[in-house]
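So the structure is just underneath, and the comments pick up after that.
The values are calculated or read from the model by the stated rules, or taken from the named source; none is laboratory data. All figures in this text were calculated on a predicted structure; none of them were measured in a lab. Neighbour counts are summed over all protein chains in view; Cβ atoms, including those assigned to glycine, are modelled from backbone coordinates with ideal geometry.
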Amino acid sequence: MKKLNLPIKQIIKDYEDGISGYELAKKYNCSTGPIYRILNEYNIDTTQFIDLPMDQIIDEYQNGMSSVKLAKKYNCSSSAIGRRLKRRGVNLTKRIDLPVQQIINEYRSGISTTKLAMKYNCSSPTISKLLKKYNINVTNRIDLPMKDIIYDYENGMSINKITNKYTCDVSTIITRFGEYNIHIRSRKESLNIISNNICINCGNEYEGTPTSQLCPNCNNTGYCYKFNSNCKKRNHEKYNNRCFFCNISEDENDRKHDTHHVDYNKNQGCNEIPDWILIPLCKSCHGMTGGDIDNRKLWEARILYLLNDMK
């Protein structure tokens, strides 16, 4: 039989530090037999372990300190800590360091356990167990002024703005709306809502859709904020999605038509003129209406004549 050349002093030290015979066998690529023969030969009590303050370790472990950190603190291996805890009947779980007080505060503010689990890269049950450990009722609901929230929503405020205003998450608002039988607007419905917004440029309040970001005074495109995708769509449908001049459809053209301001007034819809004067034009036809002032006046007169003739 081939004799193994094993580092006896190191094996004895490792064992006294809490490394098991099995782990030593793996470390030195042999079976447990030679390990225990060495220990017995040097009168090492294979049932004796290093002295550790287990009551204190159990308390620290149950309060969130991981076995790795405990091993570092008490100068032994994490497996030694694990074995001692098991022998004392402590249920071992994979530990991660979590900001307990912050999680409790966020949960009380209305953030769900699912959202917290995603934020802190752990599972929902882990969050729930942590909350229960600190006597937090995981079904506890934050007190929200639902009458005010429903009023804001029905007057055009988006759910995202509501969550920012009342410091809670989207899922909480949607759940509460379900309890109050409040219809949740679709994206299409939301785009048609005119509500009070704050201009991102000047900070003044103005009326517009949720997609509006600039008030009419700060709109650097020159177009009225009401001249949006819904406005264009309604105008195109009015003319069956066909070019006003050549009659080609959007399907035949394989692209959306442009929406032409007949009087070249980009502020249509925001000025005192009550009706839009718009027509759909394909790219080719729209190009003809540009150019100098004389060409524009010519095309304006032609289009107004045709529109008047269609009445």
Revision key, fill the gap. When every residue in segment 32-64 that is assigned to a loop (DSSP other than H, G, I, E, B) and surrounded by 16 or more Cβ atoms within 10 Å (Cβ to Cβ) is compared, the one modelled with the lowest pLDDT is PHE49
Point to revise | Selection within segment 75-88 - of a type outside the set (Gly, Ala, Ser) and surrounded by fewer than 19 Cβ atoms within 10 Å (Cβ to Cβ) | key: ASN75, ARG83, LYS86, ARG87, ARG88
Practice item. Could you tell me whether LEU24 is at pLDDT below 80 and surrounded by 11 or more Cβ atoms within 10 Å (Cβ to Cβ)? Key: no
Exercise for review: Working only within segment 167-186, note down all residues that are under 18 Å from the mean Cα position of the chain (by Cα) and modelled with pLDDT under 85.
Suggested key: THR167, CYS168, ASP169, VAL170, SER171, THR172, THR175
Practice item. Scan segment 239-288 residue by residue and report those that are exposed (fewer than 13 other Cβ atoms within 10 Å of the Cβ) and either assigned to a loop (DSSP other than H, G, I, E, B) or under 40 Å from the mean Cα position of the chain (by Cα) (or both). Key: ASN240, CYS246, ASN247, ASP251, ASP254, ARG255, ASN271, GLU272, ILE273, PRO274, ASP275, LYS283
Review point. List the pairs whose first member sits in segment 6-24 and is assigned by TED's automatic domain parsing to the domain that holds SER77 and closer than 14 Å to GLY82 by Cβ, whose second member is of a type in the set (Val, Ile, Thr) and at pLDDT 80 or above, and whose Cβ atoms are under 8 Å apart, counting only residues at least 6 apart or on separate chains?
Key: GLY18/ILE81
**Study point:** Complete set of residues in segment 154-174 that are closer than 16 Å to GLU189 by Cα and in contact with a helix residue (DSSP H, G or I) (Cβ under 6 Å, 6 or more places away or on another chain)
**Key:** ILE159
Check your understanding: Looking at segment 221-238, which of its residues are of a type outside the set (Lys, Arg) and not in a helix (DSSP H, G or I)?
Key -> THR221, GLY222, TYR223, CYS224, TYR225, PHE227, ASN228
Check your understanding: Restricting attention to segment 134-180, and to residues there that are acidic (Asp, Glu) and assigned to a helix (DSSP H, G or I), which single residue is nearest to GLN62 (Cα to Cα)?
Key -> GLU179
